[in-house]
1. When you look at residue 46, is it more than 17 Å from residue 7 (Cβ to Cβ), assigned to a helix (DSSP H, G or I) and at pLDDT 95 or above, yes or no?
2. Out of 38, 57, 65, 52, which single residue is closer than 26 Å to residue 140 by Cα, out of contact with any helix residue (DSSP H, G or I) (no Cβ under 7 Å at 6 or more places or on another chain) and in a helix (DSSP H, G or I)?
3. Suppose we filter the range 136-147 for residues that are surrounded by fewer than 19 Cβ atoms within 10 Å (Cβ to Cβ) and either in contact with a helix residue (DSSP H, G or I) (Cβ under 8 Å, 6 or more places away or on another chain) or not in a loop (DSSP other than H, G, I, E, B) (or both); how many remain?
4. Here are some residues: 45, 53, 58. Which one is farther than 24 Å from residue 173 by Cα and within 18 Å of the chain's Cα centre (by Cα)?
5. Name the pairs whose Cβ atoms lie under 6 Å apart, with the first residue in the range 186-200 and at positive phi and surrounded by 10 or more Cβ atoms within 10 Å (Cβ to Cβ), the second at pLDDT 85 or above and in a loop (DSSP other than H, G, I, E, B), and 6 or more positions between them or separate chains?
6. In this structure, is residue 133 more than 26 Å from residue 8 (Cβ to Cβ), modelled with pLDDT of 95 or more and surrounded by 18 or more Cβ atoms within 10 Å (Cβ to Cβ)?
7. Looking for whichever is farther than 19 Å from residue 110 by Cβ and out of contact with any strand residue (DSSP E or B) (no Cβ under 9 Å at 6 or more places or on another chain) here; the options are 76, 60, 15, 32. Which one fits?
8. Being under 23 Å from residue 44 (Cα atoms), surrounded by 23 or more Cβ atoms within 10 Å (Cβ to Cβ) and touching a strand residue (DSSP E or B) at 6+ places or on another chain (Cβ under 9 Å) is true for just one of 95, 106, 113. Which residue is that?
């Protein structure tokens with residue numbers, strides 16, 4: 001691996017690790033790690049400080065995923081290989097979920113993954129977002145929507161003939177996102193999962 005490839009991948013990981021929702025909350029005197037679910041992502045930000053700020057955190061998380069995928073174009077030139085971009089996407093999500101700026105704790109990776117794969121596989125990402133939106137609209141379970149979207153993304157990437165490296169990266173990210181939702185899955189199985197708008201942590 002060349003130094004420039006390593007630098008671009010490291011840049012993607014560090015970009016993914018920027019905890020935007022946590023920083024927004026801290027500016028308002030709130031530590032997301034001590035409120036609601038304790039998660040430092042946009043969903044907990046929305047519950048703690050309102051849906052407006054939650055939307056800001058969501059957009060910033062998605063944007064850093066997209067930028068992380070574009071970093072190789074800056075470092076390596078206008079046509080980086082799909083493999084490098086796919087690795088950058090996966091590392092951005094990994095950085096978000098295990099942020100080096102928060103002692104390797106972080107969010108669940110949904111928005112960052114959506115931003116990254118919107119660049120790499122826009123049709124597949126749109127399909128996954130559709131699955132998420134429909135699931136949440138019908139059930140009001142954000143966690144269930146995230147899990148089903150994580151399952152849908154690699155399948156849609158395959159069906160839409162995305163590059164093999166991108167499809168594999170989507171599958172890896174999907175597994176990571178599902179693993180980060182294990183407590184949600186447990187609550188769903190027990191019938192105790194919280195619905196959106198119920199005022200409880202997710």
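1. Details: more than 17 Å from residue 7 (Cβ to Cβ): yes; assigned to a helix (DSSP H, G or I): yes; at pLDDT 95 or above: no.
So residue 46 fails the test.
2. Details: 38 fails: in a helix (DSSP H, G or I); 57 fails: out of contact with any helix residue (DSSP H, G or I) (no Cβ under 7 Å at 6 or more places or on another chain); 65 fails: out of contact with any helix residue (DSSP H, G or I) (no Cβ under 7 Å at 6 or more places or on another chain).
Answer to the check: 52.
3. In the first step, residues of the range 136-147 are kept if they are surrounded by fewer than 19 Cβ atoms within 10 Å (Cβ to Cβ); the result is 137-140.
Next cut, either in contact with a helix residue (DSSP H, G or I) (Cβ under 8 Å, 6 or more places away or on another chain) or not in a loop (DSSP other than H, G, I, E, B) (or both) only: 137-139.
Count: 3.
4. Values: 45 fails: farther than 24 Å from residue 173 by Cα; 58 fails: farther than 24 Å from residue 173 by Cα.
Exactly one residue qualifies, and that residue is 53.
5. Hits for this filter: zero, empty list.
6. Details: more than 26 Å from residue 8 (Cβ to Cβ): yes; modelled with pLDDT of 95 or more: yes; surrounded by 18 or more Cβ atoms within 10 Å (Cβ to Cβ): no.
Criteria not met by residue 133.
7. After ruling out the rest, the residue left standing is 76.
8. On the way: 95 fails: touching a strand residue (DSSP E or B) at 6+ places or on another chain (Cβ under 9 Å); 113 fails: touching a strand residue (DSSP E or B) at 6+ places or on another chain (Cβ under 9 Å).
Residue meeting the stated conditions: 106.
The values are calculated or read from the model by the stated rules, or taken from the named source; none is laboratory data. Note that the structure is predicted; figures quoted are calculated from it, not measured. Glycine gets a Cβ as well: all are built from the backbone with ideal geometry, and neighbour counts include every protein chain shown.
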